[in-house]
Every structure is written in structure tokens, then in C-alpha cells.
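Student: Below: one structure in C-alpha cells.
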Amino acid sequence: MRFLCWHVDYFRAKPAGRGRSTVVEEGEAVDIEKSAMLLFISFEKSDESSAEDVLDRAVSEIGSIAAQLNEHTIILNPFAHLFGELSSPQFGAEMIEKLAERLRDRKFEVYRLSFGIFYEIELRAKGHKLARMSRKIG
């Protein structure tokens with residue numbers, strides 16, 4: 001699993017079209033008018049053999065970053081462009097949903113963009129030293 005995290009002042013996304021994925025969820029607009037962590041996430045082939053461990057480590061790392069940023073709102077954006085060997089689309093979609101559930105269990109407010117949909121995105125990123133970071137888990 002890989003993710004790119006941006007700390008944003010606000011985030012808006014509007015479905016713009018269907019992607020090339022074999023898994024396509026119904027696209028819904030997202031409008032978050034407050035500070036949040038925006039995570040561009042991809043799951044990799046190697047994650048398929050250790051899904052629970054990857055989820056545990058991801059929740060721990062995301063929680064640690066959120067604590068550093070004093071942030072409680074998280075946006076999960078499926079993003080197949082992080083240069084790993086991608087998992088199957090079905091696995092990726094399931095893992096994003098499981099990750100959202102686990103983060104909600106830890107009392108985060110979680111928004112999730114639809115899998116297999118391209119979005120028009122508007123955001124304002126913060127400018128501090130932790131406002132953009134990436135992680136590879138697994």
C-alpha cells in the first residue's frame with residue numbers, strides 16, 4: 001500500500017467520468033469546508049497476501065500522522081498512479097472500504113471518494129512542513 005497525504009484547508013470533488021477500472025462505484029460529490037487529511041491511496045499486489053497486517057499498519061500510520069497534525073477528518077481517494085504493482089481492482093475497492101471502517105472505529109470523520117471514477121478536484125493545501133508526505137506500507 002502506498003499513500004500520498006496532503007493537509008488541506010478545504011476539499012471539493014465532483015464526479016467527471018468513469019475510469020478504466022473493472023470496478024466502478026457510483027460517483028458522488030464531496031464538499032468538505034474544513035481542514036482535513038487528503039490521502040491518495042493505492043493497494044499493491046503484495047498486499048493481497050497480508051491484507052489484515054497492511055490494514056493494521058495503515059491505520060496506525062494514518063493515526064500517527066493525524067495526531068501530529070491534530071486532525072480528525074480524513075478523505076480517502078483511490079489513486080492508482082503511485083507507481084507500484086497494483087492489486088486487483090476488487091481487492092483495492094474492498095481494502096479502501098475496510099480502511100474507512102477501521103478509521104471510523106477510531107473516531108475519525110472519514111469521507112471516501114468512489115472507486116473507478118475520475119473527479120474534478122478543488123482544494124487548498126496548507127503550507128507547513130508536514131502538509132505533504134508519502135508512505136509505503138507493506
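Student: Which of (1) at pLDDT 95 or above; (2) farther than 20 Å from GLU33 by Cα; (3) charged (D, E, K, R) does ARG132 not meet, given it meets every other one?
Tutor: Every listed condition holds for ARG132 apart from (2).
Student: Within segment 30-40, can one find any residue that is under 15 Å from GLU97 (Cα atoms), at pLDDT 95 or above and either among the acidic types (Asp, Glu) or within 12 Å of the chain's Cα centre (by Cα) (or both)? Step through it out loud before you land on a result.
Tutor: Taking segment 30-40 and keeping what is under 15 Å from GLU97 (Cα atoms), we get 39-40.
Cutting the leftovers down to at pLDDT 95 or above gives us 39-40.
The next check asks that each one be either among the acidic types (Asp, Glu) or within 12 Å of the chain's Cα centre (by Cα) (or both); those that pass are 39-40.
Yes, the conditions are met somewhere in segment 30-40.
Student: So LEU55 fits all but one of (1) closer than 22 Å to ASP9 by Cα; (2) modelled with pLDDT of 95 or more; (3) in contact with a Leu (Cβ under 9 Å, 6 or more places away or on another chain); what number is the exception?
Tutor: Failing condition for LEU55: (1).
Student: Which of the strands (runs of 3 or more DSSP E) contained wholly in segment 15-125 include at least 3 residues that are surrounded by fewer than 18 Cβ atoms within 10 Å (Cβ to Cβ) and either of a type in the set (Ser, Thr, Tyr) or in contact (Cβ under 8 Å) with a residue 12 or more places away in the chain (or both)? Talk me through it step by step, then tell me what you get.
Tutor: On the way: elements: 30-32, 36-42, 73-78, 109-112, 117-125.
Here the list reads 117-125.
Student: While we're here: Would you pick out the residues in segment 113-131 that are in contact with an Asp or Glu (Cβ under 9 Å, 6 or more places away or on another chain) and over 17 Å from SER87 (Cβ atoms)?
Tutor: Looking only at segment 113-131, we keep the residues that are in contact with an Asp or Glu (Cβ under 9 Å, 6 or more places away or on another chain), and these are 113-117, 123-126.
Once the filter is applied, which keeps residues that are in contact with an Asp or Glu (Cβ under 9 Å, 6 or more places away or on another chain) and over 17 Å from SER87 (Cβ atoms), segment 113-131 yields LEU113, SER114, ILE117, LEU123, ARG124, ALA125, LYS126.
Student: Among the residues of segment 51-74, are any under 11 Å from the mean Cα position of the chain (by Cα) and under 25 Å from GLU120 (Cβ atoms)?
Tutor: yes
The values are calculated or read from the model by the stated rules, or taken from the named source; none is laboratory data. Since we're looking at a predicted model, the values are computed, not measured. Don't worry about glycine lacking a Cβ; one is built from the backbone with ideal geometry, like all the others, and counts go over all protein chains shown.
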